[in-house]
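The values are calculated or read from the model by the stated rules, or taken from the named source; none is laboratory data. For clarity, every value in this text was computed on a predicted model and none was experimentally measured. Quick reminder, even Gly has a Cβ in these numbers, built from the backbone with ideal geometry, and neighbours come from all protein chains shown. All accessible areas refer to the heavy atoms of the entire protein, side chains included, with ligands and DNA or RNA removed. Shrake-Rupley method; radii C 1.70, N 1.55, O 1.52, S 1.80 Å.
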Amino acid sequence: MTSIPKSFRIKSFGCQMNVYDGERMAELLADQGMTAAADGADADLVVLNTCHIREKAAEKAYSEVGRLKREDGSRPLIALAGCVAQAEGAEAKRRSPAIDLVVGPQAYHRLPEMVAQASRGARPVDTDMPAISKFDALPKRRRAAPSAFLTVQEGCDKFCTYCVVPYTRGAEISRPWEDILAEAHALVEVGAREIVLLGQNVNAWINDGRGLADLIRALARIHGLARIRYTTSHPTDMSEALIAAHAEVEKLMPYLHLPVQSGSDSVLRAMNRSHTAKSYLEIIDRMRAARPDIALSGDFIVGFPGETEEDFQATLSMVDAVGYASAYSFKYSPRPGTPAATMEDQIAPEVMDERLQRLQARINAHQIAFNQSKVGSDTRILIERRGKHAGQMIGHSPWLQSVHVETAAAPGDIVEVTLAAAGPNSMTGVVPAKKAA
Ligand code: SAH
Ligand code: SF4
Ligand code: F3S
């Protein structure tokens, strides 16, 4: 490598926080005069913005590196970013000699400088978690999708015994109130109609005694911003004020992603989840009292060490008790350095497979039931992108269902539709014919 790259591509894996970070890295590189490579075109620099949450996700990082070799044997400059970069640091360079630089999620404001060093033949590594926030070093927002992500909180102090996030993202930190409002205004100016507040524990956000509910109420006053969402929340940080905001703030969408992981108290204890099945269900009850139509979503892990069939049955009962509108479920994956990885009674892969199938079938049944319960309702869709067919657009309902609709409306428009049909993963909306005058 001898010259500074002119074009770049960023590939983000993992959670929405990585998507946000990917957008910010793209803005940084564009600020240096680099251009984003068109889809399918070759790029001089490829940033792999990776995820370490499960073994498969982490392995993907390295298989992607292998795939970047061009037909003539050359390859682009390769930057390993994200949570694998943080977890492996310099070790990543040893595992894969093709990696030119390694940059952790709290250090990527240094990416342009590191790219310059790598172009001169160095192989820099930066996995520091500096006291000075990277956000202060990032350029102003210039582009936004109709539904835009905004990271307000990072890191985690919860130390669930299976999870790498406290190690890859560091301790819980909240961005200051003024910075968030400034970024929200900037996003709305460049086209955002919805803002999704992000954090590994977004509902733990706190600044000068103000909590997430206060922030949401302030954001709701931004003219031109139509919708607010937030994710991901921890049951322990679900405050009364936040629940009340769902009853009172019209722009706050009726949707809550509240991972529970298991329905069994003994598994929850072994996971170090500071909630029980009962305390979780009490939150759900309070949430439904505040906002009866709230769509609930969650995360589950099957096959945590020591999980018995009885424990697993409790998880199925939890799914029934909540009636999730959607939920994510994963097979437990032992992660290096986490307490659960060395626990006794690791569960056999075939038992995990079988439990995952049963759990997903149960979740799907509830998801279909939820979607069907909305058929016939009149609602509003935020149009986000074009669909496959001419004239078809795709957007989201307030309950975060993906909705297909035939309309001349453009991305960013909010259209009134009747939800006419339900599929397992999406809805069909119809724009009502205008009544004759
Ligand atoms: N902060 C969020 C979620 C972060 S990770 C929360 O606490 O709820 C997203 C999801 O990945 C988790 O909710 C969990 O269900 C899953 N997950 C995390 N570590 C895992 C592991 N080692 N194996 C399998 N799934 C895991
Ligand atoms: Fe991981 Fe638990 Fe923190 Fe969520 S709360 S990020 S699952 S340690
Ligand atoms: Fe993955 Fe890191 Fe997000 S491990 S889930 S990319 S916080």
Inset, instruction - Within the range 402-437, work out how many residues are surrounded by 18 or more Cβ atoms within 10 Å (Cβ to Cβ), within 27 Å of Val190 (Cβ to Cβ), under 23 Å from the mean Cα position of the chain (by Cα) and touching a residue at least 40 places away in the same chain (Cβ under 8 Å). - result: 1
Inset, instruction - Check whether at least one residue in the range 127-149 is under 18 Å from the mean Cα position of the chain (by Cα), within 16 Å of ligand 3 (Cβ to nearest atom) and at negative phi, and report yes or no. - result: yes
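Is it the case that the range 174-189 has a residue that's assigned by TED's automatic domain parsing to the domain that holds Thr276, within 14 Å of ligand 3 (Cβ to nearest atom) and touching a residue at least 40 places away in the same chain (Cβ under 8 Å)?
no
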Inset, instruction - Could you please find all residues in the range 61-76 being within 27 Å of the chain's Cα centre (by Cα) and more than 15 Å from Gly22 (Cβ to Cβ)? - result: Tyr62, Ser63, Val65, Gly66, Arg67, Leu68
Inset, instruction - Report yes if Tyr328 is near ligand 1 (Cβ under 9 Å from one of its atoms) and of a type in the set (Ser, Thr, Tyr), otherwise no. - result: yes
Legend entry - Criterion: surrounded by fewer than 16 Cβ atoms within 10 Å (Cβ to Cβ) and out of contact with any Phe, Trp or Tyr (no Cβ under 9 Å at 6 or more places or on another chain) - qualifying residue of Ala290, Ala321, Ala314: Ala321
Inset, instruction - For the range 352-364, enumerate the residues that are in contact with a helix residue (DSSP H, G or I) (Cβ under 9 Å, 6 or more places away or on another chain) and open to solvent by less than 60 Å² (accessible area, probe 1.4 Å). - result: Arg355, Leu359, Ile363
Inset, instruction - Might you check whether a residue that is within 16 Å of ligand 3 (Cβ to nearest atom) and either part of a loop (DSSP other than H, G, I, E, B) or surrounded by 20 or more Cβ atoms within 10 Å (Cβ to Cβ) (or both) occurs anywhere in the range 260-273? - result: yes
Legend entry - So Tyr328, is it part of a loop (DSSP other than H, G, I, E, B) and either closer than 22 Å to Thr232 by Cβ or at pLDDT below 95 (or both): no
Inset, instruction - Output the residues belonging to the range 273-293 that are of a type in the set (Asp, Glu) and free of Cβ contacts under 8 Å to residues at least 40 places away in the same chain. - result: Glu282, Asp285
Legend entry - Single unsatisfied condition, Arg288 versus (1) over 26 Å from Ala314 (Cα atoms); (2) in a helix (DSSP H, G or I): (1)
Legend entry - Close pairs from the range 339-362: first farther than 17 Å from Ser317 by Cα and in the same structural domain as Asp299 (by TED's automatic domain parsing), partner among the hydroxyl-bearing types (Ser, Thr, Tyr) and modelled with pLDDT of 95 or more, Cβ under 6 Å, at least 6 apart: Pro339/Thr161; Ala340/Thr161; Ala340/Tyr162
Legend entry - Matching option when the condition is at positive phi, within 16 Å of ligand 3 (Cβ to nearest atom) and either assigned to a loop (DSSP other than H, G, I, E, B) or surrounded by 15 or more Cβ atoms within 10 Å (Cβ to Cβ) (or both), among Gly306, Gly337: Gly337
Inset, instruction - Answer yes or no as to whether Ser239 is open to solvent by less than 10 Å² (accessible area, probe 1.4 Å), modelled with pLDDT of 95 or more and not β-branched (Val, Ile, Thr). - result: no
Legend entry - Test set (1) within 16 Å of ligand 3 (Cβ to nearest atom); (2) open to solvent by less than 20 Å² (accessible area, probe 1.4 Å) - Thr232 fails condition number: (2)
